[in-house]
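A short reminder: the numbers here are calculations on the coordinates, not readings from a lab. These numbers were taken from a predicted model, which means no experiment stands behind them. No Cβ is skipped: glycine too gets one built from the backbone with ideal geometry, and neighbour counts run over all protein chains shown.
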Amino acid sequence: MISWESLSLCFGPASKTHMERGAGAIDSREFPGFRLRGREVSRLESFSDAVFGFALTLLVVSLDVPRTFSDLLNTMRGFPAFAICFILLAVIWNSHYKFCRRYGLDDGTARFLTCVMLFLVLFYVYPLKFLFNFSVTGLLFSGAGQPESITRSQFGVLLVIYGLGFAAVYLALTLLYLHAYRLRDTLKLNELERFDTRYLIFRLTILVAFGLIAALLAYIPVTRNLSTLVYFLLFPILRTSRIIHRRRRAIYLR
């Protein structure tokens with residue numbers, strides 16, 4: 001039986017040399033005035049990169065080398081869906097990369113939440129691949145090379161799984177930022193950095209909420225068709241929040 005003592009050994013206390021890295025930190029290009037505390041690649045980041053690399057290999061259209069020209073064409077038909085999945089995973093990887101650069105945390109809680117996020121990413125891969133391979137490949141190539149047809153109810157379940165996976169991954173990222181904000185005094189965050197951290201938490205919370213809303217709409221047969229449209233609303237909402245954030249943070253830079 002796993003005890004709290006064994007967990008504390010696995011996800012032990014914070015490394016002071018990594019957490020107290022505020023003195024010689026450089027500024028973020030995205031948020032001028034925000035000091036980057038994670039200037040070195042930690043073992044946690046290396047592990048995360050390896051897991052993301054493994055997740056990308058699971059997205060590969062086919063591990064078998066095409067033996068005929070028809071096999072090659074069937075393989076190539078899956079690349080648009082692969083490209084979309086690749087971009088979505090790259091966005092998640094980039095979000096975690098920025099978190100590591102901004103705060104440089106490698107304490108037990110950060111390691112635990114990162115492992116949770118990586119587990120969810122690996123769980124997220126196959127529904128992600130199946131959904132876009134079914135929809136995008138079928139839309140572009142009239143069903144050639146796409147998975148076997150599924151019923152509307154099964155497609156609704158697929159959308160629910162995708163929405164819950166989307167929300168869960170970004171919830172793990174949200175918890176990482178909440179953990180960093182909880183350690184704002186230890187990290188010596190100034191008022192501007194605290195303001196930016198609250199904004200990032202708000203931005204990630206929007207992603208979690210929209211994933212849950214999309215899953216709920218997909219679960220209800222009457223509103224199932226609206227589920228996919230929810231994700232497109234993220235672009236104007238996140239863009240508007242970014243504009244408002246830039247105007248408000250300008251006050252701190254005066």
Can you give me the long-range amide H partners of Gly38? Hydrogens built in the peptide plane at 1.01 Å from N, cutoff under 5 Å, separation of 5 or more residues or another chain. Arg102, Tyr103, Gly104
Output ³J(HN,Hα) for region 242-250: one whole-Hz value per residue in order, computed from phi by the Karplus curve 6.51 cos²θ - 1.76 cosθ + 1.60 with θ = phi - 60°, and x for Gly and Pro. 5, 5, 5, 5, 5, 5, 6, 6, 4
List the residues whose amide H sits under 5 Å from the amide H of Asp107, counting only those 5 or more places along or on another chain, with H placed 1.01 Å from N in the peptide plane. Ser15
Length gained, Tyr126-Leu238, 0.36 nm per residue minus C-alpha separation, equals 37.6 nm
Cα→Cβ-extended label distance, 7 Å offset, between Leu229 and Leu88, nm: 2.0 nm
For region 35-249, report the convex hull volume of the alpha-carbon atoms normalised per residue, in Å³, without decimals. 132 Å³
Calculate one ³J(HN,Hα) per residue across region 75-84 by plugging θ = phi - 60° into the Karplus curve 6.51 cos²θ - 1.76 cosθ + 1.60, and present them in order as whole Hz with x for glycine and proline. 5, 5, 5, x, 6, x, 5, 4, 4, 5
What are the ³J(HN,Hα) couplings of region 165-182, residue after residue, when phi is run through the Karplus curve with 6.51, -1.76, 1.60 and θ = phi - 60°? Round to Hz, x for glycine and proline. x, 4, 5, 5, 4, 6, 5, 4, 5, 4, 5, 5, 5, 5, 5, 5, 5, 5
